[in-house]
Amino acid sequence: MSYYETSPVPPTSTDSSPPFLRPDVVGFSSRTGRPNSGTSVGKHEREGKENPQPLLPPRPPLQRLYPLLQPENALISFGNMMCYSQCLRAIHQTQLNPVISFLHTPGERRFSLSLDLAEIFKPILVDRVIFKVLNKKIIGAGDFDNTLNRIVLKPAGKKAFVKAFEDRLSETIQHRSLKRSVSYKHLVKLECYKLVKHVLGIEEYQPFKMWW
């Protein structure tokens, strides 16, 4: 074939659907950009060579596509939801707007500021509660339901987790700046006050860090 000679056009389908929805399309030509049908002969087949290995890795197993198929991830998901709710409750008690955030992308239909604060308190609240309910066997295998193509907590398991989460919120620590005992529940509210001072230009915001 000479340089100026055009290559044959692959057979086209009468289906008006987009190429990526048609069953006869197996890929696209890197040279012409046209969809390749399953009946067309590729370069490697014309030269008698085996088809190369696919560039994309194989699909991950079902456990990776649906992480809620694991009990531990079900606890993390439920605990994060509890943390988001607690942070949002503290935001509503201040003058902050819950849809204006600094870490996550702001949006009108989600309270992104609660997601920002939750990133600080997830290791302090959620992770510690999960370790507690598992190590002390407060929640066991019988507290999970796997009949919905995923693993979720049963009502009894949710009740036990909420009780452990509330107990964690009521625990106190010795605050370094205030020089007094402060509960974890009030600590979330203090973080909101720090953001208010930063917005008003009173004090630069420094996120809370664990020192113990």
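Just so you know, all these numbers are worked out from the coordinates, no wet-lab data involved. Fair warning: this is a prediction, and the values are worked out from it, not measured in the lab.
Tabulated values for the structure
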read-out	value
Karplus 3J(HN,Hα) series, Hz, for segment 203-209 with 6.51 cos²θ - 1.76 cosθ + 1.60 (x for Gly, Pro)	8, 5, 6, 10, x, 5, 10
Interchain or long-range residues, amide H under 5 Å from PHE144's placed H	LYS154
Convex hull volume per residue for segment 138-212, taking Cα atoms only, in Å³	147 Å³
